[in-house]
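Taking it in order: structure first as structure tokens, then the write-up.
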Amino acid sequence: MRVLMFGWEFPPHITGGLGTACYGIVKALAKQRVNVIFVVPRLFGGEDHKSAYLVNASDVEINERNFNYEEYWNYIKYYEIGSSLIPYVGPEDFLRLIGSQTTVNTFFDEKVFRAKYQFSGKYGESLYAEVSRYALIASALAKDYPHDVIHAHDWLTYPAGMTAKKTSGKPLVVHVHATEFDRSGENINQYVYDIERKGMEAADKVITVSHLTRKYVIERYGISPDKVVTVHNAVEPVDIEKIYQNKGFPEKLVTFLGRITFQKGPDYFVEAAYKVYQKDPNIRFVMAGSGDMLPRMIRRVAHYRMGHKFQFAGFLKGEEVYRLFSISDVYVMPSVSEPFGISPLEAMRSNVPVIISKQSGVSEILTYAIKVDFWDIDALADAIYALTHYDGISRMFKRHGREEVDNLKWDNSAKKLIEIYQSLIHT
Amino acid sequence: MRAICFYFQVHQPFRLRRYRFFDIGNNHYYFDDLANQSIMRKVAEKCYLPTNRLMYELIQEYGTRFKIAYSISGTALDQFELYAPDVLESFQKLVQTGCVEILGETYSHSLSALKEKEEFFHQVRLHSEKIERLFGVKPTTFRNTELIYSDHIGQMVYELGFKGMLTEGAKHILGWKSPNYLYCSAIEPRLKLLLKNFRLSDDIAFRFSNRGWSEWPLTTEKYVSWLNAIDHRQEIVNLFMDYETFGEHQWADTGIFEFMRYLPKAVFAHSNYEFVTPSEAIEKLDPVAPIHVPYPISWADEERDLTAWLGNDLQDDAFNHLYQLYPKVKHCNDMQIQKDWLYLQTSDHFYYMCTKWFSDGDVHKYFNHYDTPYEAYINYMNVLSDFELRLNEAVGSDTITVKAKEKPVTRFKPSTIVQPGTELIYPENFEQEQSQKKTKAKTKKSTPTKTKSSSKSTKKSKETNKKSKSKKE
């Protein structure tokens, strides 16, 4: 079975949860002997944008933590296309993401992009052009490389998936990791919404990462329920014994990690932290990540006069994330809207008890986690206090949480995907 | 004979390195040695060494007729000892001529006068000791950080044994009065005040190289003609500025060195001015009037207030938390902690957190190595968190359980601008009003200590009311 897959990022060039998810999916599929041709747009400065080019799979550098899947790489073809698609495109994020990528991607000229995209509104016009151009290249690829099924991840790649389908006539699967409603609240971008809907309508199957997202897809995009299937995400096993970080302070540490944007609910974390701080000032909080709401969060913390117990760690990448988890006592994800949310699973894998919002997809599959409404800062403060003070519950969460997460394997998700592919190919 | 009084500020902070969250509790070194050393060397080559040479030559040329004063912060002295012993030597040479006065200030160029009397005293004494050790003279005139002054600070400075103090000739304090006289503190009349003539000082310090300025280029003849234009009954022109004006803020190619070289000559030839040091001025002149400064003033920005260092949430959180640690630091004998404690108080750290970029933003940006005030705040708080951990370890977090209450620093409020001739608003009255409001709200919770302090303040305010009444009569 050969799958032509359109993504937008792939390790080591990760900017968010989606790259991690694609990586997990592709690897698990390869393990099940499924051939994957993975296509990603890639950020280049002075590159010739018209040419798609091929990267030999063995040349792809993978510096993921414990990678020992080399043998499966024979099943994966990996393409990079000169393009500037970026997953979480808010205007501020765009520049930051580009900035953070320069550290891993050395042959990328930042200035060219800064000059090229003066993002003033929500999505720049040139981004739409990139999406269309990606779609054009996709059709060329679909002609050249034989495949049985097409798989597209999130809206930026839907046009690519649709043109590929038009060219080869093979069935199309679109994978919804997030909807426009998750990214922008109720003030959606109509252009993006339209692309999403067209993509879902054109698809033979729509895969959602949670039941919550499935509900959105059915209710807000008017997609027929029998076409929409939920396949939950999973998490990579990691060797946490190798990660070492000395905890330099005696206080319990409560961690927030994620983009500091409306969607992630950082403000609820700060408010709850202040409630806990008033009760017990001997707890330390850390907010890691960056985003358009960061300055406001800093001002808020300073306003509450708790800057000495509430630190900002900036944008963490790779191993730093696990170093932070290894000294954390509670992980909080108060997302306002989270289609899935892989990071709590990563925290649990590092033996950190988690508090997640009920408005997250991951809450559907976790039992050993405290679930609160994102807006309920009293409940959130209560949960933080309990997990930092009552050993019984935190010990239980640590023990069983690890078990629970270890049972969430990408292999299971991949099996479901293969079933879906097969049903499409054989009909 | 009228007098010109030159005073130059010499200060360098110990800048913090990028101190990450992961460093807290693991790495106790806070300072960016490379930046501190390279900046010190750069400023030494561009400003300190050539300007000191120039001043020395002028003193050689005019003998005791040319006099100047310096205030050198303890952190700058520490950095001279570390990175630029040649600069220190040249200052020592200058002081030996007898034409140079060294002023007293806080050791770490801190804002402690606004918060902790005890710490303020400690730092001033530390600084005096250091000056005595290095230069063999004891400061008798005082200059507070950034010329920050209020009635309360004046009182403390007098208590420390200083006869006079330098501050800003802020418009909103002086009103119609001229800064070109000797004044005294209203609360402690034995403390004399020298006020900066900010127009003539800033002509040199800020506008000298500005080609958009209608008076550019500034020549010594022109400058002396301005000095002569001052009403002849006015007694003293106080020219206070950063020493880095020479060669660093105003680069050598602007002609600033030539200007300074020929200024004394032009003054002696075309005017009846002489040069005096601050202590001589205080000795010679009689104060013409008391000055009331209920809210602290400084020499910074258009507002001449504290808002460059304190006022936004970032600054207030950092500043208040720093001084909440004081009761513990007091009981700590660890030398390294004491040293870090001093360096962390330097006012520059709070200056970096300033968010008013619009009016005086250029000046702020020039001195700032952080991209945003947020970065400055995050970095400082990370360092402070580590410092607190070390402190708790050294002193024991339980031995002294002080939950210091955040005491707001009284600040000048634009709505209470004191117009000349109108009734003065005393901070005591203001505080009393506030505390009355509070006690009304929490009548049950009021503690005996509170009532004591409030009764004190009422006494004071009664006295002051009496004073003002008697004045009226």
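The values are calculated or read from the model by the stated rules, or taken from the named source; none is laboratory data. What you see is a predicted model; the values in this text were computed from it and never measured. Using ideal geometry, Cβ is built from the backbone for each residue, glycine included, and neighbour counts are taken over all protein chains shown.
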Which listed residue, of B:242, B:253, B:301, is surrounded by fewer than 21 Cβ atoms within 10 Å (Cβ to Cβ), outside the structural domain of residue B:144 (by TED's automatic domain parsing) and within 24 Å of residue B:206 (Cβ to Cβ): B:301
Qualifying positions in the range A:257-267 - surrounded by fewer than 23 Cβ atoms within 10 Å (Cβ to Cβ) and under 14 Å from residue A:380 (Cβ atoms): A:267
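Might you let me know whether the range B:187-207 holds any residue that is among the polar types (S, T, N, Q) and surrounded by fewer than 18 Cβ atoms within 10 Å (Cβ to Cβ)? Walk me through it before giving the result.
First, the residues of the range B:187-207 that are among the polar types (S, T, N, Q): B:197, B:201.
From what is left, the residues that are surrounded by fewer than 18 Cβ atoms within 10 Å (Cβ to Cβ) are none.
No, because not a single residue in the range B:187-207 is among the polar types (S, T, N, Q) and surrounded by fewer than 18 Cβ atoms within 10 Å (Cβ to Cβ).
Quick check, is residue A:320 under 22 Å from residue B:25 (Cβ atoms) and either in contact (Cβ under 8 Å) with a residue 12 or more places away in the chain or within 14 Å of another protein chain (Cβ to nearest Cβ) (or both)? Don't jump to the end; show me each part of the working.
Details: under 22 Å from residue B:25 (Cβ atoms): yes; either in contact (Cβ under 8 Å) with a residue 12 or more places away in the chain or within 14 Å of another protein chain (Cβ to nearest Cβ) (or both): yes.
Yes, satisfied.
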So residue A:272, is it surrounded by fewer than 24 Cβ atoms within 10 Å (Cβ to Cβ) and either within 13 Å of chain B (Cβ to nearest Cβ) or in contact (Cβ under 8 Å) with a residue 60 or more places away in the chain (or both): no
Flag for residue A:260 being touching a Leu at 6+ places or on another chain (Cβ under 9 Å) and either farther than 24 Å from residue B:315 by Cα or not acidic (Asp, Glu) (or both): yes
Residue under evaluation residue A:283, criteria (1) crowded, with 21+ Cβ neighbours inside 10 Å; (2) out of contact with any Asp or Glu (no Cβ under 6 Å at 6 or more places or on another chain); (3) more than 7 Å from chain B (Cβ to nearest Cβ), criterion not met: (2)
Filter result for residue B:171 (of a type in the set (Lys, Arg) and more than 14 Å from residue B:298 (Cα to Cα)): no
Qualifying residue in the range A:192-199 (condition: surrounded by 24 or more Cβ atoms within 10 Å (Cβ to Cβ) and among the hydrophobic types (A, V, I, L, M, F, W, C)): no
Index of the failed condition, residue A:255 passing every other in (1) at pLDDT 95 or above; (2) more than 30 Å from residue B:394 (Cβ to Cβ); (3) in contact with a strand residue (DSSP E or B) (Cβ under 6 Å, 6 or more places away or on another chain): (2)
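Are any residues in the range B:200-215 outside any helix (DSSP H, G or I) and closer than 23 Å to residue B:268 by Cα, and if so, which ones? Break it down into steps so the answer makes sense when it comes.
Filtering the range B:200-215 for residues outside any helix (DSSP H, G or I) gives B:206-215.
Correct list: B:208, B:215.
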So residue A:143, is it basic (Lys, Arg), part of a helix (DSSP H, G or I) and at pLDDT below 90: yes
Some residue of the range A:397-417 being surrounded by 15 or more Cβ atoms within 10 Å (Cβ to Cβ) and outside any helix (DSSP H, G or I): yes
Output for the range A:323-341, where each listed residue is surrounded by 22 or more Cβ atoms within 10 Å (Cβ to Cβ) and away from every other protein chain (no Cβ under 14 Å): A:330, A:331, A:332, A:333, A:334, A:335, A:337, A:338, A:339, A:340, A:341
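Within the range B:290-326, which residues are among the charged types (D, E, K, R) and more than 14 Å from chain A (Cβ to nearest Cβ)? Quick ask: steps written out before the conclusion?
Going through the range B:290-326, the residues among the charged types (D, E, K, R) turn out to be B:301-305, B:313, B:316-317.
Hits for the range B:290-326 are B:301, B:302, B:303, B:304, B:305.
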Selection within the range A:303-317 - within 11 Å of another protein chain (Cβ to nearest Cβ) and not hydroxyl-bearing (Ser, Thr, Tyr): A:303, A:305, A:306, A:307, A:308, A:309, A:310, A:311, A:312, A:313, A:314, A:316
